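Asks: One structure, pasted below without further comment.
Computed from the coordinates by the stated procedures, all read-outs in this text should not be read as laboratory data. Since we're looking at a predicted model, the values are computed, not measured. Every residue, glycine among them, receives a Cβ derived from its backbone with ideal geometry; neighbour counts consider all protein chains shown.
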């Protein structure tokens, strides 16, 4: 049986990325021009969407210092994704553009209004990556000493989604009538207060923005922990997923689809995209050597551990690289911790760091070899696609070109990814197959 056609997204940060590498993009990353060209390259390759990750702090989780993060431009500096999403959408026609915003720190009315505005600018191609945040450092930038416990954050997020959905529905689709003869722009009887009052949030409504092309943004969410999986299965149009190997990927997707059915959703409308970092070469040996160079790079261990320290709020300088990790829990991203630690595998910390370059599944070889393997993985897992990110989270024009000009044509020749868009809106393109 031939592998089914699958979806593709790209996971990125609004950071300097390959600023000190031989093939660095150069120029000023903060004016957005590199990222505009990046988005256009992905659109030519018919990606479903590009997703801009975000955090709201400069971390000091690794070694109790900001040094590693600022020295290596690791997760900081990081600029606001929303303006970048707007300009990316202005230079593309069909590519979805997704920005990360936190339910812990954005007032619901402000977020609903911003998302509606961005969906208009994107002409129905904007997506919201829903996060609850997992770092006390972010909380301290918003007048708090620490984040609420994880279970409370999810309880708040459920109420948050109920509120913003009511705000997006506060304008009926035909409220704007543009009656020139009677000088009536909008029918006031079709715009409604919501008078929402919950345990955590209160809002009068309605939005003061016209209903957007999609009605509400496409929802993207990363569900790792049990609570996160259930939340994603309930709301997300697309899920950012990490798992270990084909067996882990299949277990994750099957679980999410079962949860979606429990929430009375069609599981086919929940597209699970697994995070991967394909490493390509003209020969298989060249690709393997490239992977080894990444793992052997002088600062790879520091950068990897600093990154996982940031999202889990656990200082990984305290652990022996050549010993197994002790049992750990966190009020941060428990799913990210579980994926990194591979509990029960017996692997030493140094091995876990080396494994992280592959994300959910190791893809290393020529474009044809990797394309063939991606088809095999999807056939075994059952769908729905992949979310590509650069190895070590650092992207440059060379890597973008290797994927869009090398891997994507190899996938398209096999009928595994689309060669054209069939819809104008992001949600519709995700549901096309």
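Asks: Would you calculate the convex hull of the Cα atoms in the chain and tell me its volume per residue in Å³? Mind showing how you got there, number by number?
Replies: Working: hull volume 65.6 nm³, N = 433.
Normalising the Cα hull of the chain by residue number yields 151 Å³.
Asks: Given the -39500 (n - 2.57) contribution per DSSP H run of 4+ residues, what per-residue ellipticity at 222 nm results for the chain, rounded to the nearest 500 deg cm²/dmol? Numbers along the way, then the final one.
Replies: On the way: 16 runs with 165 residues, N = 433.
Calculated from helices alone, the mean residue ellipticity at 222 nm is -11500 deg cm²/dmol.
Asks: Let me ask something else about it. Per the Debye formula with a single identical scatterer at each Cα and no solvent contribution, what log10 I(q)/I(0) holds for the range 200-241 at q = 0.16, 0.18, 0.24, 0.25 Å⁻¹?
Replies: Each listed q maps to, in turn, -0.60, -0.70, -0.82, -0.83.
Asks: For a protection proxy built on the mean count of beta-carbon atoms within 10 angstrom, sort 286-296, 166-176 highest first, please. Before the final figure, lay out the partial values.
Replies: Details: 286-296: 15.3, 166-176: 17.6.
So the peptides 286-296, 166-176, ranked by packing, come out 166-176, 286-296.
Asks: Could you tell me how far the Cα centroid of the range 167-192 sits from the Cα centroid of the range 84-141, in Å?
Replies: 25
Asks: Roughly how tilted is helix 226-235, in degrees to the nearest 10 and between 0 and 90, from the longest Cα axis of the chain?
Replies: It works out to around 40 degrees.
Asks: Kirkwood Rh and Cα-based Rg: tell me the resulting Rg over Rh for the range 149-262, rounded to two decimals. Numbers along the way, then the final one.
Replies: On the way: Rg = 18.7 Å, Rh = 16.6 Å.
Result: Rg/Rh = 1.13.
Asks: Once you have the Kirkwood Rh of the range 235-287 from its Cα pairs, apply Stokes-Einstein at 37 °C and 0.692 mPa s and quote D in µm²/s. Each step should come with its number before you reach the end.
Replies: Details: Rh = 12.7 Å.
The diffusion coefficient I find is 259 µm²/s.
Asks: For the range 1-61 and the range 324-355, what is the centre-to-centre distance using only Cα atoms, to the nearest Å?
Replies: Cα centroid to Cα centroid, the span is 26 Å.
Asks: Nearest 10 degrees is fine. How inclined is helix 33-44 to the longest principal axis of the chain, computing both from alpha carbons?
Replies: 90
Asks: May I ask for log10 I(q)/I(0) of the range 354-433 at q = 0.17, 0.20 Å⁻¹, from a Debye sum over the Cα atoms as equal point scatterers with solvent left out?
Replies: Taking Cα atoms of the range 354-433 as identical point scatterers yields -0.80, -1.08.
Asks: Quickly rank 95-108, 401-414 as a protection proxy: mean count of other C-beta atoms within 10 Å, highest first.
Replies: On the way: 95-108: 22.9, 401-414: 18.6.
Output ranking for 95-108, 401-414: 95-108, 401-414.
Asks: In addition: Any chance you could run the full-extension gain for residue 71 through residue 187? It's 0.36 nm times the residue separation minus the Cα-Cα distance, nm to one decimal. Let's see the in-between values first.
Replies: On the way: separation 116, 0.36 × 116 = 41.76 nm, distance 5.56 nm.
Between residue 71 and residue 187, full extension yields an extra 36.2 nm.
Asks: For 188, 299, what's the fewest-to-most ordering of other Cβ within 10 Å of each Cβ?
Replies: Fewest-to-most Cβ neighbours within 10 Å comes out as 188, 299.
Asks: Related question: Considering only 14, 126, 142, give the residue with the highest GNM mean-square fluctuation for the chain, with springs between Cα atoms whenever their separation is below 10 Å.
Replies: Most flexible of the set in this elastic network: 142.
Asks: Could you work out how far apart the two model spin labels at residue 296 and residue 174 are, taking each label as a point 7 Å from the Cα in the direction of the beta carbon, and quote it in nm?
Replies: Those two pseudo-labels are separated by 6.9 nm.
Asks: For residue 31 and residue 282 in one chain, what is 0.36 nm times their gap in residues minus the Cα-Cα distance, to one decimal in nm?
Replies: Numbers: separation 251, 0.36 × 251 = 90.36 nm, distance 3.35 nm.
Once the chain is fully extended between residue 31 and residue 282, it gains 87.0 nm.
Asks: Plugging the Kirkwood radius over Cα pairs into Stokes-Einstein for the range 288-407, at a temperature of 25 °C and a viscosity of 0.890 mPa s, what D comes out in µm²/s?
Replies: Numbers: Rh = 15.9 Å.
D = 154 µm²/s.
Asks: If you line up the Cα atoms of the range 52-121 on their principal axes, what length do they span on each, largest first, in Å?
Replies: For the range 52-121, the Cα spread along each principal axis is 43, 28, 13 Å.
Asks: Ok, one more. Between residue 141 and residue 162, what length comes free when the chain is fully extended (0.36 nm per residue of separation minus the Cα-Cα distance, one decimal in nm)?
Replies: Details: separation 21, 0.36 × 21 = 7.56 nm, distance 2.59 nm.
Stretched out fully, the residue 141 to residue 162 stretch lengthens by 5.0 nm.
Asks: Once both axes come from the Cα atoms, what is the angle between helix 81-90 and the longest principal axis of the chain, in degrees from 0 to 90, rounded to 10?
Replies: 80
Asks: To the nearest 0.05, how large is the calculated FRET efficiency for residue 152 and residue 197 if R₀ is 22 Å and r is the Cβ-Cβ distance? Please report the intermediate quantities before stating the final value.
Replies: Details: r = 19 Å, r/R0 = 0.85.
Efficiency for this residue pair is about 0.75.
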